[in-house]
Amino acid sequence: MKAIKVGLLGIGTVGSGTFNVLRRNQEEIRGRAGRGIEIAMVADLDVARAKGIVGDSVEVVDDARKVIANPEIDIVIELIGGYGVAKALVLEAIAAGKHVVTANKALLAVHGTEIFAAAHAKGVIVAFEAAVAGGIPIIKALREGLTANRIEWIAGIINGTTNFILSEMRSKGLDFGVVLKEAQRLGYAEADPTFDIEGVDAAHKATIMSAIAFGISVQFDKAHVEGITKLQAADIKYAEQLGYRIKLLGITRRRDNGIELRVHPTLIPTNRLIANVEGAMNAVVVQGDAVGSTLYYGKGAGSEPTASAVIADLVDITRLHTADPEHRVPHLAFRPDAMSDTPILSMDEVQTAFYLRLCVADQAGVLSSITTILAENDISIDAVLQRESAEGEKQTDLIILTHDTVEGRMNKALAQMQALTTVLAPIVRIRKEELA
Ligand code: NDP
Ligand code: HSE
């Protein structure tokens, strides 16, 4: 059978990896897909650089629309990134009846509803394995491997840049700013690392997983997004003393009254496997009612790891594109008529435990006034640690771990504690999850 023809939009980091891996492993991929998969046309703004990667045998153009307009092309891979031109090109490819593969989590988290509706109406596939956790086949696992389960919760380290920074802060005792510069020097963090360090990239990925897990539409605007820029080395050290590590987690959890969708620094017990995922690696824990806890680990970024996921999508489409659209795996795991309108909960309604660090005057009655406020707000204490004061020092750090509570209640207690004259600095509050 003739090879299926693919058009590639954007041949940067992931695009070049995709081209190289497809060429290197073409025989095995053909054996698995049932026919060859050939990148027949490439569009990139830098035509000379693109030609340097693909050679003379592939047509390279600077206008992506020429690729979409080519009737020979069956699948368009969008590896440009961002919400602007990428959105227009993906919608144009769908309108032209092409299947689409994309690694663009930002695009799908924000505009997924429109894109999947357009694809469904046109009977084409939009595949996006590379959009969440790079090379880890987490979309396949959630959508197909765990399809028997009622998913209870997902918690993932889904941003490599921030995991690298947190690992370095912990192992070397350094502050955030110092490690960020090192991450940029090593090429982990981009020149503008805002989306990574402010939690936006992780929230894009958590939003996509949430939709697949719970059969809801993608709702990035409802996600709680908090990054790691305010984390201090002292809190990483205190957490360690209490048997916890701090990770930036993307969490989505089913509750009786709705769905939690949040990204924030989180204390997790050191003895959990996911707490030991270090450096730029990614890992996702999925809790299903039948299977229990499952863990997926691997490289969440990089040229060839991400290409691995892009090509998996190409193979899936090559196998399935002639199938009746009704018999394909739905984009978001549930058929459009089986999607739910379960609401995403506000942060005030989220249930979690807390780590609190209070800088307090070292005098009689301080601990009691704080525990009284917690008790009055029905917040139960799990552990307390007080730093030994140095000779002559008039203040100290008081660390409190709480049991699960509702965030709105904690906010009320925090305001009351902050108002005490014996609390000398803004209280540090980090959420804590046992992931049991
Ligand atoms: P790069 O910036 O390395 O590559 C993007 C390429 O697209 C560049 O070569 C760029 O050209 C080209 N481009 C920009 N605008 C156009 C246009 N209008 N028409 C054609 N080509 C264009 O990005 P990445 O490869 O890193 O990322 C691609 C996608 O994959 C993004 O959505 C990203 O979020 C996602 N992703 C990336 C991962 C990674 O490890 N890098 C991991 C997982 C997902 P020029 O350089 O000349 O502007
Ligand atoms: N910036 C992302 C990360 C790339 O650091 O994980 C992969 O999406």
With viscosity set to 0.890 mPa s at 25 °C, what whole-number translational diffusion coefficient in µm²/s follows for the chain from Stokes-Einstein and a Kirkwood radius over Cα pairs? 106
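Using the structure shown, list the pairs from LYS5/LYS205; LYS237/LYS412; LYS66/LYS299 with a Cα-Cα distance above 31 Å, or answer none.
From LYS5/LYS205; LYS237/LYS412; LYS66/LYS299, over 31 Å: LYS66/LYS299.
Given contacts defined as C-alpha pairs under 8 Å and at least six residues apart, what's the relative contact order of the chain, whole-number percent?
Working: 910 pairs, mean separation 71.2, N = 436.
Once normalised by length, the contact order is 16 percent.
Below 8 Å, C-alpha to C-alpha, sequence gap of six or more: please give me the relative contact order for the stretch 350-432 in percent. The partial results should precede the final answer.
Numbers: 146 pairs, mean separation 42.1, N = 83.
Once normalised by length, the contact order is 51 percent.
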Label-point separation in nm, HIS321 to ALA69, each point 7 Å along Cα→Cβ: 2.0
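With a Förster radius of 35 Å, plug the Cβ-Cβ distance of MET1 and ASP56 into 1/(1 + (r/R0)^6) and report the FRET value to the nearest 0.05. Before the final figure, lay out each step's value.
Values: r = 26 Å, r/R0 = 0.73.
That pair, MET1 with ASP56, gives E of 0.85.
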Mind ranking 290-296, 276-282 by how tightly packed they are, going by the mean number of other C-beta atoms within 10 angstrom, highest first? 276-282, 290-296
Which of ILE11, ILE53 comes first, and how do the rest follow, when ranked by fewest Cβ neighbours within 10 Å? ILE53, ILE11
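Sort the following peptides by mean Cβ neighbour count (other Cβ atoms within 10 Å, averaged over residues), highest first: 389-399, 98-108, 162-172, 305-315. Intermediate values should be presented prior to the final figure.
Values: 389-399: 12.8, 98-108: 25.5, 162-172: 21.2, 305-315: 23.4.
Those peptides, ordered most packed to least, come out 98-108, 305-315, 162-172, 389-399.
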Cα-based Debye curve of the stretch 350-432 sampled at q = 0.21, 0.23 Å⁻¹ gives log₁₀ I(q)/I(0) of -0.93, -1.11
Total charge dipole magnitude, the stretch 168-306, about the Cα centre, Cβ charges on Lys, Arg, Asp, Glu only, Debye to nearest 20: 340
Kindly put ASP324, ASP348, ASP201 in sequence by how many other C-beta atoms sit within 10 Å of each C-beta, fewest to most. ASP324, ASP348, ASP201
In degrees rounded to 10, the 0-90 angle between helix 105-122 Cα long axis and the longest Cα principal axis of the chain is 40
Hey, with R₀ at 41 Å, roughly what FRET efficiency would GLU182 and ALA425 work out to, going by the Cβ-Cβ distance, to 0.05? 0.90
Around ARG387, under 15 Å between beta carbons, what's the net of Lys plus Arg minus Asp minus Glu among the other residues? -4
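Restricting to Cα pairs below 8 Å that are 6+ residues apart, what does the relative contact order work out to for the stretch 103-217? Please round to a whole percent. Could you put the intermediate results ahead of the total?
Numbers: 91 pairs, mean separation 39.5, N = 115.
Over the stretch 103-217, the number comes to 34 percent.
Which links in LYS105/LYS432; LYS140/LYS172; LYS122/LYS247; LYS181/LYS247 stretch past 30 Å when you go from one Cα to the other? All intermediate terms of the calculation are to be shown ahead of the outcome.
Working: LYS105/LYS432 26 Å; LYS140/LYS172 36 Å; LYS122/LYS247 41 Å; LYS181/LYS247 19 Å.
From LYS105/LYS432; LYS140/LYS172; LYS122/LYS247; LYS181/LYS247, over 30 Å: LYS140/LYS172; LYS122/LYS247.
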How do MET339, MET209, MET417 rank when sorted from fewest to most other Cβ atoms within 10 Å of their own Cβ? MET339, MET417, MET209
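Sorted by mean Cβ packing within 10 Å, highest first, what order do the peptides 173-183, 68-78 take? Can you show the working numbers first?
Numbers: 173-183: 16.1, 68-78: 19.8.
Per-residue mean Cβ counts within 10 Å order the peptides as 68-78, 173-183.
Read-outs throughout are calculated quantities, based only on the coordinates presented, and are distinct from any laboratory measurement. None of these values were measured; they are calculated from a predicted model. Reconstructed Cβ throughout: ideal geometry from the backbone, glycine too, with neighbour counts over all protein chains shown.
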